[in-house]
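Structure, as structure tokens:
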Amino acid sequence: MPSPKRVPIFDGHNDALLRLYWRGSSDPVASFLHGEDKGQLDLPKARKGGFAGGLFAIFVPSREKKSAADPATAPNLSGNPEPPGVDMAEAQRAVSAMASLLYRIERQARGRLRICRTVDDIEACLDKNVVAAVLHIEGAEAIDPKFEMLDVLHAAGLRSLGPVWSRPNAFGHGVPFRCPSSPDTGPGLTDLGKALVGACNRLKILIDLSHLNERGFWDVAELSDAPLVATHSNAHAISPHSRNLTDQQLAAIRKSGGFVGVNFAVSFLRPDGGREKNTPLALIVDHIRHLIDHVGEDGVGFGSDFDGALMPEELGNAAGLQKLVEALRRREYSEKLIEKLCFRNWLRVLRRTWK
Ligand code: ZN
């Protein structure tokens, strides 16, 4: 019997740059290119699992590194306080360090990874089996109130931005990690946050809704002229976590022609929100089914959170991505729909956003 066809996967969120940034003194670029035991995404794992590319996040850690700010270890107990904020100079230092890591990876990858600025760039990478990296920032602390840094970062390749991570900043209030909890946890965007939406629309930078609380979500929904996109969030109806999206939010995303990338973090998959690696891969497919029911077949894809979260053991890391394709086949999804989920829907919404 011929082995089943591999499907390339374009993915909405990974924190590989943060992992490499925290590696400190040893050679982080080489460890990405050559691969290593630890970590969930590097070039060999990407090749093995058919990870064709995705949004590479720059996340500025809160001051106490690897404490509450580490998305991999952030507790999700009810009442978890918001992590401390970061100031602009500190954020700008971290952003340039992590962006530089990606540029160096691109330079040293000798054609195996490209930073993409258009959907045509991504498609060219898919054709040639080159990893397509899109520069994303999670939390806009590095952006000044006149948006001058936003111009600079856009020119440097930034194509996607989350106004907040799960902490307050000058632009709004992120949603804290709580389960069970409604995403309606506090005030929405500030006036500056609302202005940032306009600036991103003008520059055609995708606005990521994933770490906004519910009021911030509705602020973006009202103001933005782009499709609504949550790059790495799940269905609140299945996992009642503050980071997940209610059916009402999903309906708004559908109406805008938007998109949701399913997050593989066990805490956002499980009905009990637990950090339990013994979580079935099939639960990812349950979220996909719910999201398709509410957003439509053209509005759902992946947003793994590799290197930012605890994954189901059955999936492991990026090398295991084709297991997810197999899980979709077991539910008798058509090959056409599987391709949409794996990359076509991402390309569609990016094309509409970056038009
Ligand atoms: Zn995140």
- Message: Condition first: buried (at least 20 other Cβ atoms within 10 Å of the Cβ) and not β-branched (Val, Ile, Thr). Now tell me which residues in region 257-278 satisfy that.
- Response: Gly258, Phe259, Gly261, Asn263, Phe264, Ala265, Ser267, Phe268, Leu269, Arg270, Gly273
- How many residues of region 153-183 are buried (at least 21 other Cβ atoms within 10 Å of the Cβ) and touching a His at 6+ places or on another chain (Cβ under 9 Å)? The answer is 17
- Note on the structure: Given the conditions (1) touching a residue at least 60 places away in the same chain (Cβ under 8 Å); (2) crowded, with 21+ Cβ neighbours inside 10 Å, every one holds for Ala109 apart from (2)
- Note on the structure: Turns out the helices (runs of 4 or more DSSP H) fully within region 312-355 with at least 1 residues that are of a type in the set (S, T, N, Q) and touching a strand residue (DSSP E or B) at 6+ places or on another chain (Cβ under 6 Å) are 345-354
- Task: Considering every residue within region 114-136, establish whether at least one is within 16 Å of the ligand (Cβ to nearest atom) and either out of contact with any Lys or Arg (no Cβ under 9 Å at 6 or more places or on another chain) or small (Gly, Ala, Ser) (or both).
- Result: no
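Taken together, the values in this text are just the output of simple stated rules run on the coordinates, not laboratory data. None of these values were measured; they are calculated from a predicted model. Heads up, the Cβs are rebuilt from the backbone with ideal geometry, glycines too, and the neighbour counts pull from every protein chain shown.
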